[in-house]
Structure formats: structure tokens, C-alpha cells
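Right, one structure below, let's go through it.
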Amino acid sequence: MLRHMHRSGIQPFRQRLLPWVQSIAVPRSNRVQPSAIRHVRSWSNIPFITVPLSRAHGKPFAHRSELKHAKRIVVKLGSAVVTRGDECGLALGRLASIVEQVSVLQNQGREMMLVTSGAVAFGKQRLRHEILLSQSVRQALHSGQNHLKEMAIPVLEARACAAAGQSGLMALYEAMFTQYSICAAQILVTNLDFHDEQKRRNLNGTLHELLRMNIVPIVNTNDAVVPPAEPNSDLQGVNVISVKDNDSLAARLAVEMKTDLLIVLSDVEGLFDSPPGSDDAKLIDIFYPGDQQSVTFGTKSRVGLGGMEAKVKAALWALQGGTSVVIANGTHPKVSGHVITDIVEGKKVGTFFSEVKPAGPTVEQQGEMARSGGRMLATLEPEQRAEIINHLADLLTDQREEILLANKKDLEEAEGRLASPLLKRLSLSTSKLNSLAIGLRQIAASSQESVGRVLRRTRIAKNLELEQVTVPIGVLLVIFESRPDCLPQVAALAIASGNGLLLKGGKEAAHSNRILHLLTQEALSIHGVKEAIQLVNTREEVEDLCRLDKIIDLIIPRGSSQLVRDIQKAAKGIPVMGHSEGICHMYVDSEASVDKVTRLVRDSKCEYPAACNALETLLIHRDLLRTPLFDQIIDMLRVEQVKIHAGPKFASYLTFSPSEVKSLRTEYGDLEVCIEVVDSVQEAIDHIHKYGSSHTDVIVTENEKTAEFFLQHVDSACVFWNASTRFSDGYRFGLGAEVGISTSRIHARGPVGLEGLLTTKWLLRGQDHVVSDFSEHGSLKYLHENLPVPQRNFS
């Protein structure tokens, strides 16, 4: 049963020897603690062979996020994963990737076991080669002809193929694991090895000793002697399961070895609510015992003994035995290279089996509710949507005390954990709530002419008229950090534009977000569209949310530059609106007014340094160095306790300079600023284009020609003359509020208010018109006449 041990497993043998020969060792938990991934592996508290035969069944992990604590893991490789598409030979690239992932986890201090198929396919390849070679030799001897006749290959018996393929399969695994200095050992089992008490005892002891010595056991059914699978009544309870395929073997092994996690890799993404490939098939993210009644199983995979039904039965049996299970795709070229490590990291891959049902709906269900509610919202009259927003504005002031009390809890819990700029963003106040209410009422007023507005009308031909009208985008996902005031702003804009909305706030603002969302739903309820706006409270990772391309139409991140970059990287197939950084510049020209400069710099940098529209780099014309104006700027910054970083050119002018800046492309988000010297307005523009983020940039000058040159040539979303960078804001622009500031060049740019959350559709009204009537010999001609756009009356 046990093949030889590779020499790489001997090197640390002395360290392993002492605890191996001890008759009793101190028992340790099988599960990896967050801070102990690299600790020495658990050692059995039983001597060499006499390991416990029964398991004190623990509870499996309740949530995906807990899978990173799994220490003992079984990975089951289905036949479709291991074999090539022609079912004759192994998929070597896939196998190499799987071995690499298993090795990475093994070297993290986990205990990995493989249950693998592939011996039959490998043996079939070898036997076919031998048969072809043998036939070709015979034909060459007897026919005397130079060409060979077409040779028929007989049907190969599976057990013979398995016998021929086992040694080659194991040799391949050994060669691959050797590249990572990991030893592997082969164990072949049959049903009797689990049902015969002595054999079961021996198998259990062997596996424990292999794990103890840092060896990866590679387990497979002994297909060379195993009888054909027969229908039976197994999988009915924890104590009854027949090893008739590798699915049941993996489940039995996982429970027998008290495994924390069983990963079953197949050729489908996971478990679907109907056969994969059917029109309405949806991947089930989490599967609960008892849900199998609502699932229709399809056919089994192209190779192997088990289908999805067998996998589900085996998974539920393992789950009942205390092992968490994930079924996922191990063949997809885009994910197979990291599918195992992604699962262990808790990412949303495949179907996770759990005994714990969440209290509320899943995020997919919330997305469907938001879409349905958003469509109902879009059909309301403009006055009704405005009424909802005005009611929300009233609630913000009427329920002020409850909101501030919840915010106080967030601030107390965040004290000492969050940096000062984030604490400022987290904080709410009476004045902030009053400003929010005013902004919401502005949105309510502007919402009167948003959805359904006719942008253009064209008469295509007689009695054939075309209209372009505004419509909602669909379902928005807004992810925001430490900004509870963002929730009512974004909610109001979604209501005004008729969009469904998913909100994912940071946990640091959980109490504030909860009360603000409840008030939003209370306002929505007055017209029966409560479900249009959903707050995601599940353990969903942001990266997982960004993969819901069938639910979400637009992602809007509100937070740190790192958050935005992470979302832009994670979003697959979903557009992201936002900016990754707010590196705002102010250029002080040689003809700047002394009275204006200090006011503008102070307001841009010091009024709210944590904002994305705060000043980060101050560009000074060289002629202003060592002038009273320059001295006034420096004195003001010192009084405001702003830390100054010197750019390279500025530092070269000074004998004793402030600390030289590490990077000219830095968003400080605090009372810090970089000062750099430029020789001209053109050099200032070049600097902004090289180091800026296309957010907001300002010129301070009294020369109108210079100012206009700057305004026309700086390629940023917002470019100002003699005005603070802090004006770059939806409320200050008169948009009522904003969902964010976009630095992209498609769809919306700058502060994105109501207009940025709308798209258009075309309405064509005809009377039995067909294109053939407009052909060269047809009876109709295109007119393409522009028609007046009707003005809606909102008085």
C-alpha cells in the first residue's frame, strides 16, 4: 500500500524522530489559529499504530471566511480534472498547477492529502501505445507492405488500465512534489479497508504517521482489484458509506481523519440549481442540508464514476461528520491555477456547504431585490420620488439624536484603531446632518426632470418617430469606507435616478450605517419600494462582490486610493466609476495676488485635509522664492501645523530644507503638503500631467491670459482659477450631492451627481414599417428630420 519515501523527507528526520518514538505526546488542535499558520504540525497523542478509530465529531466551519483556519485538508481531484479532453493521458499543466498550490499550503504548516483519479487514463495511454506498437510490428512482418493498414484498438478493460497506470501516475506526482522539496506517498484502498476493523486501524495509523512526517499522502481506490460499483443504500448516515468512487472515498477519508476541509474539484463551477448549461441555471454559493429537494441534477461528467449527485451526497455526508466542503471547478484555465488557494483564503469560489443558514438574504438575493425594487422606483412619478427624498431629509433631522448616538458607538469602538483622518470621516455632527438634509432637498428638486426626459426626437419617415430618453443604469454597488454620511447622499441619488442600490459600508461605521439604512427604507416605504436599496451585512468580501457581473451594472467606490485600486483590479466585467487618488495641485503664478494666495492655500489644505479634493502639492513660481508672499505662505502653513515636504527643485534652493519628498505622486490625506518650484505655467502643467491624478488642479494668478491657458491645457476633471480645490464637490456644484468624483473619461467626469447615474434608451414608434420598404425600389424614403423636444411642466 505504501510506496517509498523520497529522500527529501529524510533531511529533518532527527527533529521528527524524538516525538515519533514517544509513546504519548501532548495533544494539539487540528485547526490552524490565525497567528499560528507556520507552527509545527500537530502530533498524534497515540503511539505509532494505535491511533483513535472514532472521531469526536466537531462542527464544520460556518462561513467561508473561516476556511483560512483549516489545517488538515483533503483535495479530491476528479477524473475530468486529471485527464485530458481525449480521456487518454493526463492534463500535465493542470496537475502541475494543483501540485504547486498543494505545496504552498503544505509549506504554510497545513496537512494536505490528495485523493486522485487518473490511473485508468494513464494506463489506457500506455496500453494503447503498446498495442499499436505490437500490431504495427506484426503487420510489418506478415504483410510485407510499406504502409500499415488501419488498426482497430480493442476496448481496454478498466482494471487492466488501472494496473498499468498506477506506477506511472505516482512517479509523476513524486517528480512534481520533489520540485517543492515535499515528499509524497501512495496509498491504494478498497471498500474493505474501511469496513474491516483491522485494515481500517492500519490505514488510519499509516495516514497519521505520514502527516506527522510532513509527507503528502496520495490516496486512490485500487481500481486494479475493485469490483464494479453496485447500487446500495449507502450515504444514509455517518456510519454507513461505501467507497464506490473517489467522491465517496474522499468523504470517508475526510471524516475518518478528522479533516477540517474537503475540496472537491470537478469540471463544473460548483452546484447549480438546475443542470449547468440550461438557460436558468444559477450557481449556488452556499448549499445547506435539506436544499437538495430544490436541485435538479444533470448527467455525470465525461469521465469517472460519480456525477454531481454523488458529489453532493458525499459532501453532505462529510459535512454531517464535521468536515467543511467546497465543490469547485478544477479545469477552467483562468482559475485552476489558484482555485485551491483561493478556497482556503475564503474567496467566493464554487459551492460551499454549510450547516448555518444566514439570518437574512444572500447578497445575490439582495441584488435581485434591488433590481426589482429599482424597476418599480423608476416607474413612479417624479413627484413621488421627490417625496421619498424629502421624507428622508426630514428623518435625518427628526432622528438626529438616534443617528448621533449610533455614530458615537462607532467612534468609541474605532478609537485607537483608526488614523486621525479616518476618524474625522467617520464622525457625524448636527451641522453635517443639516447639510445632508439641505443637499437631499436639492436632489429632490432636480429629480423632477431626470428619468424619462426626452433628449432628442427624429422623424425617420412618415409615421415613424424615434426618441432618445433617459433611463436608470440598473443596479449600483457603492462601497464606502468610514463615511456614514455617504449613505443618505448616495441613496437619494439612486432614488432620484430610479436605480436599485447595494451598499457595502466599512465595519467601522456599522452602527451609523444600520440606522441610516433603516431611515432610508422607512422613506422608501411610503410608496412601496422599500427593497430598492439594500445594505450588505453578510461576510462577503469586496472582491467577491466585484464578481457579481450578472447582478451589478456599475461599481462606485468611495474610500482610500488603495480601496479604489483594489476594486478596479477585482472588478471583472463590471465598470468602475471613481478615482484611485486625489492628488490635487495649486500653482501660484508670479502674478498672483498676495491677499488671495494664503486664503486659497489655507482653505484647500487645512479646511478638511482628509477629503479627496484637499490640496496635496503646492507649485510655486521660481520668481516668488524669498519674497514676502512666499514667507506668508510658509508662516501660515506653520501656524496651521502643516508638515512641509520639499520637492527636489525646492530642496536645491534651500540650505536647510524640510524633509525631501519620497514621491511627488503622494496623497497625504492629512496636514502635510509637498512644495515644489517651477519656472513657468507650462512647467506647472507638465508637472501636473506627470504626477497628478486628473482630479482637481488650480491656478492662482491675476493674469487672465495665463489663467485661460492653464484652464484649457490642464487635462483634469476639475480645473479652477482663483478658487479653492475644495469646491470640487457635488453639493457645492449645485448637484445636491455626489456619488463620487470620477477621473475617467467615459460616461461621467468630475463630481458625479444625478446625471451621471442615468443612461439612455431609444423608443421607436411606427405603423407596420419594414426595412424593405426603404430599399432602392421601395415605396418609402428616409426623412431624418429633427423634431422639437417637449418641455415637461413641473410647476
**Asked** So who's got an amide H within less than 5 Å of the one on Phe720, skipping anything under 5 residues away but keeping other chains? H placed 1.01 Å off N, in plane.
**Response** Asp697, Val698, Ile699
**Message:** Please enumerate, by chain and number, the aspartates and glutamates with C-alpha under 15 Å from the C-alpha of Lys462, excluding those fewer than 8 residues away in the same chain.
**Reply:** Asp768, Asp773, Glu785
**Request:** Using a 1.4 angstrom probe on the protein heavy atoms only, line up Lys124, Lys462 by accessible area, largest first.
**Result:** Lys462, Lys124
**Request:** Working from the alpha-carbon coordinates of the range 432-577, get Rg over Rh, Rh being the Kirkwood radius.
**Result:** 1.04
**Message:** Highest mean first, how do 251-258, 641-648 rank when packing is the count of other Cβ atoms within 10 Å averaged over residues?
**Reply:** 251-258, 641-648
**Prompt:** In the structure shown, do any of Lys605/Lys705; Lys605/Lys690; Lys313/Lys572; Lys424/Lys572; Lys124/Lys550; Lys76/Lys507 have a Cα-Cα gap over 31 Å, and if so which?
**Reply:** Lys313/Lys572; Lys424/Lys572; Lys124/Lys550; Lys76/Lys507
**Message:** Using amide H atoms built in the peptide plane, which far-off residues or other-chain residues are under 5 Å from Ala592 H to H?
**Reply:** Glu702
**Message:** Using only the alpha-carbon atoms of the range 585-738 as identical scatterers, what base-10 log of I(q)/I(0) does the Debye formula give at q = 0.08, 0.10, 0.14, 0.17 Å⁻¹?
**Reply:** -0.19, -0.31, -0.62, -0.94
**Prompt:** Which value, in debye to the nearest 20, describes the size of the charge dipole of the range 585-738 about its Cα centre when Lys and Arg Cβ atoms bear +1, Asp and Glu Cβ atoms bear -1, and nothing else is charged?
**Reply:** 300
**Prompt:** How much accessible surface area, in Å² rounded to 10, belongs to the heavy atoms of Met376 with a 1.4 Å probe?
**Reply:** 90
**Request:** Could you do me a favour and compute the accessible area per residue for the range 585-738, 1.4 Å probe, result in Å²?
**Result:** 44
**Asked** Roughly how many Å² of Tyr608 are accessible to a 1.4 Å probe, to the nearest 10?
**Response** 50
**Item:** Spatially proximal aspartates and glutamates relative to Lys71 (Cα-Cα < 14 Å; intrachain offsets below 8 disregarded)
**Value:** Glu111, Asp260, Glu345
**Sequence-distant aspartates and glutamates (8 or more away, or on other chains) whose Cα lies within less than 15 Å of Lys649** = Asp623, Glu660, Glu676, Asp679, Glu683, Asp686
**trypsin sites (Lys or Arg not before Pro) restricted to the range 506-587 and DSSP loop, no more than 14 other C-beta within 10 Å** = Arg539, Lys550, Lys572
**Message:** Counting only protein heavy atoms and a 1.4 Å probe, tell me what percentage of the range 402-545's accessible area is made up of carbon and sulfur.
**Reply:** 50
**Message:** Quick one: 3J(HN,Hα) in Hz for the range 595-605, Karplus 6.51/-1.76/1.60 with θ = phi - 60°, rounded, Gly and Pro as x.
**Reply:** 5, 7, 4, 5, 4, 5, 5, 4, 5, 5, 9
**Message:** Taking the full set of protein chains and a 1.4 angstrom probe, give the accessible area of Lys424 in square angstrom, rounded to the nearest 10.
**Reply:** 90
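The values are calculated or read from the model by the stated rules, or taken from the named source; none is laboratory data. Quick caveat, the model's predicted, so the values are computed rather than measured. Virtual Cβ from ideal backbone geometry, glycine too; neighbours counted across all protein chains shown. Just so you know, the surface numbers come from the protein's heavy atoms only, side chains and all, with ligands and any DNA or RNA stripped out. Shrake-Rupley method; radii C 1.70, N 1.55, O 1.52, S 1.80 Å.
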